[in-house]
Amino acid sequence: MTVYSGCRSPQLSDRAPALPASIGRPFTRGRPAVSVVILLLSLILLSGCNTSAIYQDHLYNPPVYWGKHEVKKGETLYGIAWRYGRDYRELGNANGLKPPWTIHPGQVIRLDKKGRIPATASASPRPSKSAVQRTSGSRQTSASSRPAKTPVASDIDWQWPHNGTVIAGYSASGKVNKGIDIAGKPGDAVRAAAKGNVVYAGNGLLGYGNLIIVNHSEHYLSAYAHNRKILVQEGEDVKAGQVIAELGSTGTDKPMLHFEIRRNGNPVDPSRYLPGR
């Protein structure tokens with residue numbers, strides 16, 4: 001995906017380029033000169049816009065509520081919303097769009113506007129079948145492990161997209177990881193974690209390589225990144241466990257599957273949804 005624009009406020013992690021030693025000399029010595037330089041740098045950063053480099057930086061952590069995005073050929077609202085950490089329904093609503101969220105090349109998507117998401121009851125991850133079986137010794141315990149009746153999202157039976165070792169877990173702070181990384185060999189089968197519909201299949205989202213995004217319900221999406229080969233197409237329905245890609249190393253330095261689950265556009269810890277091993 002090519003970013004047209006998306007200006008952002010500088011973060012504490014932003015690093016300014018080194019300055020020539022001569023800068024600040026015309027001013028008085030000491031802190032006033034340093035303050036002037038810092039002010040100038042702040043103005044430069046505030047006037048700057050996103051470049052593709054920030055998507056490779058683990059400190060870049062959407063959601064983004066500034067700037068705009070010009071739609072390029074082949075892009076979908078799902079993919080754009082994923083890139084900026086927004087719920088596709090909220091972003092569509094902010095831009096006057098309605099289902100099926102059709103967009104066109106050249107169309108400008110405003111990121112500085114916030115839309116609405118239909119109000120629904122809060123949904124919790126459904127315990128896996130194995131988790132229920134482990135607590136079935138007591139009818140009361142088994143029942144208590146099930147959440148109250150919620151929207152269809154809670155009826156998703158999640159399963160592991162690959163049986164490899166988890167080499168990096170979910171992290172919302174420090175070195176941010178919006179999902180989990182699973183080790184594997186090039187060509188290993190990558191499977192759909194639940195039934196759904198493919199809403200993105202391509203390599204336009206920087207940092208993800210060959211990426212597949214599957215829509216499972218009104219609330220939940222899952223993503224499968226760094227694939228060597230994509231075996232499904234956008235708009236295709238997939239079954240849980242269906243092979244949808246070959247594991248690879250596109251967009252990363254070693255073979256692995258990066259797997260994410262997002263609820264209402266927000267990354268969540270997949271380990272809370274996947275069954276125990």
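Taken together, the values in this text are just the output of simple stated rules run on the coordinates, not laboratory data. No experiment lies behind these values; they were computed from the predicted model shown. Note: ideal-geometry Cβ built from the backbone for every residue, glycine included; neighbour counts use all protein chains shown.
The table below gives the values:
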{"item": "Rounded, prolate or oblate (a/c below 1.5 giving rounded, otherwise prolate when a/b exceeds b/c) for the range 153-272 by Cα gyration tensor", "result": "rounded"}
{"item": "Length gained when the stretch Thr165-Lys114 is fully extended (0.36 nm per residue, less Cα-Cα span)", "result": "14.5 nm"}
{"item": "Relative contact order (percent, whole number), the range 153-272, Cα cutoff 8 Å, 6+ residue spacing", "result": "30 percent"}
{"item": "Residues with amide H under 5 Å from that of Lys229, placed H, sequence gap 5 or more", "result": "Glu246"}
{"item": "Cα-projected label distance for Arg272 with Ser249, points at 7 Å along beta-carbon direction, nm", "result": "3.4 nm"}
{"item": "By average C-beta atoms within 10 angstrom, highest first, the peptides 259-270, 226-237", "result": "259-270, 226-237"}
{"item": "Segment Asn197-Lys239, length gained on full extension (0.36 nm per residue, minus Cα span)", "result": "14.2 nm"}
{"item": "Ordering of 216-223, 157-164 by packing [mean C-beta count within 10 Å, highest first]", "result": "216-223, 157-164"}
{"item": "Peptides 73-85, 169-181 ordered by average Cβ neighbours within 10 Å, highest first", "result": "73-85, 169-181"}
{"item": "Whole-Hz couplings from phi, Karplus 6.51/-1.76/1.60, listed for the range 217-225; x for Gly and Pro", "result": "6, 4, 10, 10, 10, 10, 9, 9, 10"}
{"item": "Note, ³J(HN,Hα) from phi for the range 253-258, Karplus 6.51, -1.76, 1.60, rounded to Hz, x at Gly and Pro", "result": "9, 7, x, 5, 10, 9"}
